[in-house]
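Report on one structure; see the data block that follows.
Derivation of every value follows stated rules applied to the coordinates shown; laboratory data play no part. Nothing here was measured: the structure is a model prediction, and the numbers come from that model. Because the Cβ atoms are built from the backbone with ideal geometry, glycine has one as well, and the counts that use them run over all protein chains shown.
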Amino acid sequence: MTPYNGDELFAAGDYPTVSTAGDGLPRWTSANRAIANTDVVAWLTLGFHHVPRPEDWPIMPVAWHSFELRPVGFFARNPAIDLPRIP
């Protein structure tokens, strides 16, 4: 997690396809910038791999992938408990 900076767009640095070791996240996290009371960026790197099977040819079946963020302990209690009833 790093503090938001509009110039830091890619986890691998400014030029992701030709980056060198240490660009991007390694450099930004080593700066040890404070994240308290600021917007932060959670960097997520996903790698999906498809192992082809004979059944996949000539048309590959649909493959689904997903990602979900679920906060834990965000509220001290459920904020919907004391909502007024709608007639």
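Gaussian network model of the chain, Cα springs within a sub-10 Å range: biggest mean-square fluctuation belongs to which of D39, D23, D56?
Looking only at D39, D23, D56, the largest GNM fluctuation is found for D56.
Could you line up I59, I35, I86 from fewest to most neighbouring Cβ atoms inside 10 Å?
So the residues, fewest neighbours to most, are I86, I59, I35.
With a 10 Å Cβ neighbour count serving as the proxy for reagent exposure, in which order, fewest first, do L83, L25 appear?
On the way: L83 8, L25 17.
With the fewest neighbours first, L83, L25 line up as L83, L25.
With the Cα gyration tensor of the chain giving a ≥ b ≥ c as the square roots of its eigenvalues, does the rule (a/c under 1.5 for rounded; else a/b larger than b/c for prolate; else oblate) give rounded, prolate or oblate?
Taking the square roots of the gyration eigenvalues as a ≥ b ≥ c, the chain is oblate.
Pick out which of W57, W43, W28 has the largest mean-square fluctuation in a Gaussian network model of the chain, springs linking Cα atoms closer than 10 Å.
Maximum among the listed residues: W57.
Can you pull out the GluC sites (Glu not before Pro) in the chain whose DSSP state is coil and whose Cβ has at most 15 other Cβ atoms within 10 Å?
In loop regions of the chain (DSSP not H, G, I, E or B), the sparsely surrounded GluC sites (Glu not before Pro) are E68.
Taking R0 as 25 Å, what's the FRET efficiency between R33 and F10 from their Cβ-Cβ distance, rounded to 0.05?
My answer for the efficiency is 0.90.
So how do L9, L69 line up by other beta-carbon neighbours within 10 Å, fewest first?
By the 10 Å Cβ count, ascending, the order reads L69, L9.
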